[in-house]
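This report concerns only the one structure given below.
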Amino acid sequence: MKRLSIVALAAGAMALTLAGCGSDKSSDTNGLKQAGTTTVARTTSAGASTSAAAPVQPPAEAPTSATAAKKTAAPAGAQTTCGDFRDLTEDAEKQVIDQVLAANPGSFLDGSPNVALGTAKLACLASTYSNTPVAVAIRVAPK
């Protein structure tokens, strides 16, 4: 008895699903025509709005000078502060990290200059470390 009711229920669900999937050709063609006209209308309105937009001017009080150039010379190595470290080029940053690791042998970052460089870049992003030496910020030197 249970099997028969399950089969009847499944057959009814299938019949409803197939009835819902049937197509009426007149509604399909109207739907396609409407979709095509709205697409064209959206395309033309978008094209018209982009050509009519005025260029954006920078505010009068905006600085006109380019961003500050990065320093290429590495400062005193282990005594370099995070504020100075942020202004260095990539090569100078690597030199500073090499000097920091050489000045602090046996640290947990010893032998991993790439990890130390990444740690220094992340630690020096914090504004609270701007006057802190890089070696202290990456925790290879005591405070």
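Within the range 84-94, the residues that satisfy the criterion of being out of contact with any Ser or Thr (no Cβ under 7 Å at 6 or more places or on another chain) and open to solvent by less than 20 Å² (accessible area, probe 1.4 Å) are Phe85, Leu88, Glu93. Each residue in the range 95-143 was checked for being polar (S, T, N, Q) and buried (at least 21 other Cβ atoms within 10 Å of the Cβ), and 0 pass.
The values are calculated or read from the model by the stated rules, or taken from the named source; none is laboratory data. Since the structure is predicted, the reported quantities are computational estimates derived from the model, not experimental observations. In this analysis, Cβ positions are derived from the backbone assuming ideal geometry, glycine residues included, and neighbour counts consider all displayed protein chains. The protein model used for the area step is the full one, side chains on, heavy atoms only, and it has no ligands, DNA or RNA in it. Shrake-Rupley method; radii C 1.70, N 1.55, O 1.52, S 1.80 Å.
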